[in-house]
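I have placed the structure first, in the form of structure tokens, so that the comments after it can refer back to it.
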Amino acid sequence: MTLAPASGFAASANPPPPRRLDAALLLGLLAFLILPWHRIEGGFFGFRWLAGFPSDPDTAPGLLQILLHGRIWLLAPLLALAAAAWARFALKDPDARGRAWVRLGALGLALLTIQGFLIGFMGWSWLWLDGLFGELSQGQPAMGAGAVTAGAAFLLIFSFGLADRGVLRGDAFVISSIAFLAALVAIFVFYPVTRMLVGAFQDFDGSFTTAGFTRNMASSSIWSLGCVIGETRCGVAWRTLWLALMTATGATTLGLCFALLATRTRFPFKKGLRLLTILPIITPPFVVGLALVLLFGRSGVITQGLSSLFGVEPGRWLYGLTGVWIAQVLSFTPVAFLILIGVVEGVSPSMEEASQTLRADRWRTFAQVSLPLMKPGLANAFLISFIESMADFGNPLVLGGSHGVLSTEIFFAVVGASTDPSRAAVLAIILLGFTLTAFMAQRLWLGKKNFATVSGKGDPGQHAALPEGVRRLVYAVTIPWLLFTVTVYAMIFAGGFVKTWGLDHSLTFGHYLRAFGVSWGDQGILWTGVAWNSFWTTMKIALIAAPLTAAVGMLTAWLIVRQNFVGRGLFEFALMMSFAIPGTVIGVSYVMAFNMPPLEMTGSALILVMCFVFRNMPVGVRGGVAAMSQIDKSLDEASLTLRADSARTLRRVALPLLRPAITAALVYAFVRAITSISAVIFLVSAQYNMATAYIVGLVENGEYGVAIAYSSALIVVMAAIISGFQLLVGERRLRRENRVAATSADGKGAAA
Amino acid sequence: MNAVPQEKRDDKRGSVSFEEVTKSFGAFTAIPGLSLEIAPGTLVTLLGPSGCGKTTTLRMLAGLEHPTKGRIRIGGKDVTALPANARDVSMVFQSYALFPHMTSLENVAYGLRSSGIKAKEARERAEEGLKLVGLGGMGARLPAELSGGQQQRVAVARALVLEPQVLLLDEPLSNLDARLRRRVRTEIREIQQRLGFTAVYVTHDQDEALAVSDQIIVMKEGRIAQQGTPRELYESPASAFIADFMGEANVVPCAVEEIAGGTAQMRIEGLVRRLPAPAGLKPGAAQLAIRPNAIALSPSAPEHAAFPGRIESAAYLGDHVEYEVATSAGRLFAVDSQTDSPLAPGEAVAVDLRPRGVALIPG
């Protein structure tokens, strides 16, 4: 027998430093010596800065900033880097070197952050620093490529130091992943939200006061229980909570019914079903609202029909929580469906077969085995629909009428006639309280139950058919809902071809031509339609954001489920928080946080991408966690004992088994980037305008025809791209029988 | 590298040692200070009831758990701090842990590819590995398309192609039926002896342990209860626990009358015998382990060298008969290979002991 090639190690007491240390130092050198330190006006990737590089004060790298332009404060982080380089060569003992690197990495990050906050455009950021240290002759712009790379280098130095000290079995990949994710969450979730919450205690001039906070917190417009005890309305907090509970219940029930319909029945149109249930998520939320108005509004088709046929007085019932609820269930059922279908498919057929051989009939099998195994999925679907409903902005905006919910109230508190940042912050705190409570409830309910159903053994067999009663119920629930959905979409697509709803119902292509017109000029194709600019921007940003979101989401899910690190619970919590914060708050807080140094991103495409990644990642994480906890841990361990490091294990074992979850995350991230409106409306700029913001602008101008034509075109494009994603990622390759035990007409099982 | 250290290293290649290894999970200490040595090229079984720490010991050797205290050496080298993927061991999991999305060939080639071996060579070696376990030509199948026994062999091949210093097997046969279990364990033993690697084998089945091992380490509550060859453990158990665990045994109280020249004279009821004296045996009260087949039953009246008993139940099992016998020394379980005229329940019998299958236990 020979020694396996990969297993040679140095047996000496002090092995040579791993090569990754040099990579981290090189990255640091790149940051200080080559990349322009500060933010480039007009964009880094324009590369126009190369003209003045490297001596120009706007584009000079860190070292030249210190030497030529007197920005001596950058010397502090540079010295931390130099010390790390010294430790790399001088300290032979891994433990001592690791300790030095941990400290230097943390120190470098701290110095980098502190100098960024203390020194702004005009010198010291606070006047009292002038008195303390004397006036600075010059300030600095926001951080740019060099500064960000330096931050990354310090994070690596910190992580590799921990790895040298044997933390997490010395797994540098896992430690760096955690460090980077934690840093990103801190920058893109905690920092803006903190900025926002500080707003609750700030007066208009920025000074500290608690007056606004206490006044708003005790407001009866938030907490009134008037609807229970008297005729008046309930407070906005209770209304939002009630709506979210109803929406989550409705969406989870419908999602489960659809998932069962798609996997456990012999429903003839399963393929079409998947497409149809995806439709509502690829629809900008306010469009569903608009379609409902076209159907049930005072001059809606159905309202008018009922009025002329039976003399039913056209009412305004749609404008309020009922209408919002219908629109939200329409919107979020597909999200629940996407989560639940993976779970329903993941239930091991042999469990159901085992149950059947244990004298359990199909009903008992379903109620006692299949359904409990789906519990984590159901809890996830409920939680996500609940939070989605809480954070939803588009539907309440269109249908809420005077019955606002928390998210719209926050919006109006920020942009309305009476701006009140303090009230906005208070409402945001309440909203967060509700969503975090939902999160806690889910954790407690699921407890530590083990639901591993994809084991390391091959798992043949076929799923049990549904009990007759459940099957009928599933059909009775899903078919009318399908028809309803079809009707709503028919309205959306028909809307684009009608001249003016309510007034002139003649058919026209005018709206489409105005939005998507093209003509041929001297330079080739001219995109003359008004929609093209925002359309291409939207596609570009969504296509960048979706894979990033899925990648970060899956990595996070894997770390949470498979790695045992300090603060894992906190980490998961922080992620959920970013999802629980409604888009309106994110939008406002991003504007407040990223409008000035040290990080300046407003008006760029980057802020849109980061906003989408951190708003949508938690859904991917939840899906990934649910799918991952169904995969036996011994598969990961087997990979480790087969010489694979954790990165390879993730890539070759975990990810391929997570394909359904990855598809879900990709699809979700992509469509959310295209359809979301609440955060986007604050972050778009003339250069980077998104489709939804543009459509809302059209609606405001009264151009309903063009707006709905643009929306339906978006839906078609998204459907096409999603099919592409689905093909690309493919089905999980387990070769499990994907059949359902056939049932004869009288409901008795028969062999397939 | 010069020749001398190379030789020295090869000397130790495949050896395993635990030095005062402690493993705690929170407040619970699963392994309190375990020390053991495993010689290169041997197959050693860790045997014990569930919860005795055998699997934790194996996982620490694999690098899937890390000791709270102490050192682990493999091939003479300290691997205590090394992660699983940097250790020259590989493992066969109880659940096989075959990657369900890879074919059996891809499964077997996985570790080779992880070790940086080129795709072509990895493929060839994986095919050889599959041939070694008798699955040549099955490489294209997914785990779900293989029977339990075939999956098990793929798992063995996957671990073996890495040519590890030490192969770890965690109850590898527990998911197989009895007939297959016998065949596969013979195959594993045969491959191990042919290739000469060290194997550490965890099981709770003493038959399996007796059949395959060079050495057996019986564990109880995280400690070694006894270590030795199968014969040593079976014939001279150090405690009643070992005696009962290593094949069934009747453990009954007896009296040691005197010890001389490595043998002891003991008395049980009216029966007096000279038996080999284990270390630590003192005159006075002791215990006697009697294998079921060491009990001779005769229907006649008690002679001077036997004591009386009565048959409580009898079960005919083809090649032998099993009896429950009530005696004044307690209830005894006996096996008789004489099946022509079985004794009937209720019958009075004389109980005698054969020379083999009887062992004294101190205390």
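The values are calculated or read from the model by the stated rules, or taken from the named source; none is laboratory data. The structure displayed is predicted, hence computed values, not measured ones. Cβ: placed from backbone, ideal geometry, glycine included. Neighbour counts: every protein chain shown. Areas reflect the complete protein model, heavy atoms only, side chains present, ligands, DNA and RNA absent. Shrake-Rupley method; radii C 1.70, N 1.55, O 1.52, S 1.80 Å.
Annotations for the structure displayed:
- Tally, over segment A:631-655, of residues that are in contact with a Phe, Trp or Tyr (Cβ under 8 Å, 6 or more places away or on another chain) and either more than 12 Å from chain B (Cβ to nearest Cβ) or aliphatic (A, V, I, L, M) (or both): 8
- Where A:D392 falls short, out of the listed (1) surrounded by fewer than 21 Cβ atoms within 10 Å (Cβ to Cβ); (2) farther than 23 Å from A:M217 by Cβ: (1)
- Candidates A:A673, A:A679, A:A693: the one that is at negative phi, in contact with a Cys (Cβ under 6 Å, 6 or more places away or on another chain), more than 14 Å from chain B (Cβ to nearest Cβ) and aliphatic (A, V, I, L, M) is A:A679.
- Test: residue in segment A:472-491 that is surrounded by 17 or more Cβ atoms within 10 Å (Cβ to Cβ) and not in a helix (DSSP H, G or I): no
- Selected residue [in contact with an Asp or Glu (Cβ under 7 Å, 6 or more places away or on another chain) and open to solvent by 10 Å² or more (accessible area, probe 1.4 Å)] from A:R615, A:R562, A:R622: A:R562
- Enumerated helices (runs of 4 or more DSSP H) restricted to segment A:113-225, each holding at least 2 residues that are closer than 27 Å to A:L81 by Cβ and within 14 Å of another protein chain (Cβ to nearest Cβ): A:145-164, A:172-185
- Selection within segment A:31-52 - more than 32 Å from the chain's Cα centre (by Cα) and open to solvent by less than 60 Å² (accessible area, probe 1.4 Å): A:F32, A:W49, A:G52
- All conditions but one from (1) part of a helix (DSSP H, G or I); (2) open to solvent by 10 Å² or more (accessible area, probe 1.4 Å) apply to A:I607; the one that does not is (2).
- Answer residue from segment B:322-363, given it is under 27 Å from the mean Cα position of the chain (by Cα) and among the aliphatic types (A, V, I, L, M) and is farthest from B:P253 (Cα to Cα) among those: B:V335
- Number of positions in segment B:110-120 that are open to solvent by 20 Å² or more (accessible area, probe 1.4 Å), of a type outside the set (G, A, S) and either at the interface with chain A (Cβ under 8 Å from one of its Cβ atoms) or within 20 Å of A:S639 (Cβ to Cβ) (or both): 2
- Hey, B:L288 over 28 Å from the mean Cα position of the chain (by Cα), in a strand (DSSP E or B) and either modelled with pLDDT of 85 or more or not hydroxyl-bearing (S, T, Y) (or both) or not: no
- Matching residues, segment B:65-98, being within 7 Å of chain A (Cβ to nearest Cβ), buried (at least 22 other Cβ atoms within 10 Å of the Cβ) and in a loop (DSSP other than H, G, I, E, B): B:D88, B:F93, B:Y96, B:A97, B:L98
Quick grid of which residues meet (1) part of a loop (DSSP other than H, G, I, E, B); (2) more than 10 Å from every other protein chain (Cβ to nearest Cβ); (3) open to solvent by less than 20 Å² (accessible area, probe 1.4 Å):
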site: B:M102; (1), (2), (3): yes, no, yes
site: B:V108; (1), (2), (3): no, no, yes
site: B:A122; (1), (2), (3): no, yes, yes
site: B:A159; (1), (2), (3): no, no, yes
site: B:E163; (1), (2), (3): yes, no, no
site: B:P172; (1), (2), (3): yes, yes, yes
site: B:R181; (1), (2), (3): no, yes, no
site: B:E187; (1), (2), (3): no, yes, no
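- Among (1) closer than 23 Å to B:R181 by Cα; (2) within 10 Å of another protein chain (Cβ to nearest Cβ), the one test that B:L47 misses: (2)
- Which listed residue is within 14 Å of another protein chain (Cβ to nearest Cβ) and out of contact with any helix residue (DSSP H, G or I) (no Cβ under 9 Å at 6 or more places or on another chain), from B:G196, B:G261: B:G196
- Looking only at residues of segment B:176-198 that are among the hydrophobic types (A, V, I, L, M, F, W, C) and in contact with a Gly (Cβ under 9 Å, 6 or more places away or on another chain), we find that the one that is nearest to B:Q165 (Cα to Cα) is B:F197.
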